Amino acid sequence: MKEHSDVETVITELREALARAGVILPSLGLDPVSYAHRTMPPLVELGRCNTDTARRLARALEGR
């Protein structure tokens with residue numbers, strides 16, 4: 001299934017980019033509900049994180 005391959009690729013790319021910025025999202029992965037849906041494309045689940053990770057993510061997005 002092409003969509004599954006695409007979403008796995010983008011998850012890997014995002015995980016690697018975040019790691020380079022010093023951000024680890026432990027729950028990053030494929031959203032199983034959207035994957036099981038017949039007409040909707042699969043979604044990336046960013047998941048939950050602690051406040052330290054949220055701050056790192058905010059700083060990475062700001063370019064600091």
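The values are calculated or read from the model by the stated rules, or taken from the named source; none is laboratory data. These numbers were taken from a predicted model, which means no experiment stands behind them. Don't worry about glycine lacking a Cβ; one is built from the backbone with ideal geometry, like all the others, and counts go over all protein chains shown. Accessible surface areas use protein heavy atoms only, side chains included; no ligands, DNA or RNA. Shrake-Rupley method; radii C 1.70, N 1.55, O 1.52, S 1.80 Å.
Suppose the filter is surrounded by 12 or more Cβ atoms within 10 Å (Cβ to Cβ), free of Cβ contacts under 8 Å to residues at least 24 places away in the same chain and out of contact with any Ser or Thr (no Cβ under 8 Å at 6 or more places or on another chain); does Ala54 pass it? When the stated conditions are applied, Ala54 passes them.
Pairs linking a residue in the stretch 12-38 that is assigned to a loop (DSSP other than H, G, I, E, B) to a residue that is polar (S, T, N, Q), with Cβ atoms under 8 Å and 6 or more positions apart or on different chains, are Val23/Thr53; Ile24/Thr53; Leu25/Thr53. Give the residue that is modelled with the lowest pLDDT, with candidates limited to residues of the stretch 41-64 that are farther than 17 Å from Glu8 by Cβ and assigned to a loop (DSSP other than H, G, I, E, B). Once the filter is applied, the top-ranked residue is Arg64. Only residues that are open to solvent by 50 Å² or more (accessible area, probe 1.4 Å) and in contact with a Gly (Cβ under 8 Å, 6 or more places away or on another chain) were counted in the stretch 41-51, giving 2.
Scanning the stretch 23-40 for residues that are open to solvent by less than 70 Å² (accessible area, probe 1.4 Å) and at pLDDT 90 or above returns Val23, Leu25, Ser27, Leu28, Gly29, Leu30, Asp31.
So, in the stretch 10-22, exactly how many residues are under 20 Å from Ala54 (Cβ atoms) and either open to solvent by 90 Å² or more (accessible area, probe 1.4 Å) or acidic (Asp, Glu) (or both)? Break it down stepwise before answering.
Of the stretch 10-22, the ones under 20 Å from Ala54 (Cβ atoms) are 11, 14-22.
Then keep just the ones that are either open to solvent by 90 Å² or more (accessible area, probe 1.4 Å) or acidic (Asp, Glu) (or both); that gives 15-16, 20.
Residues that pass the stated criteria total 3.
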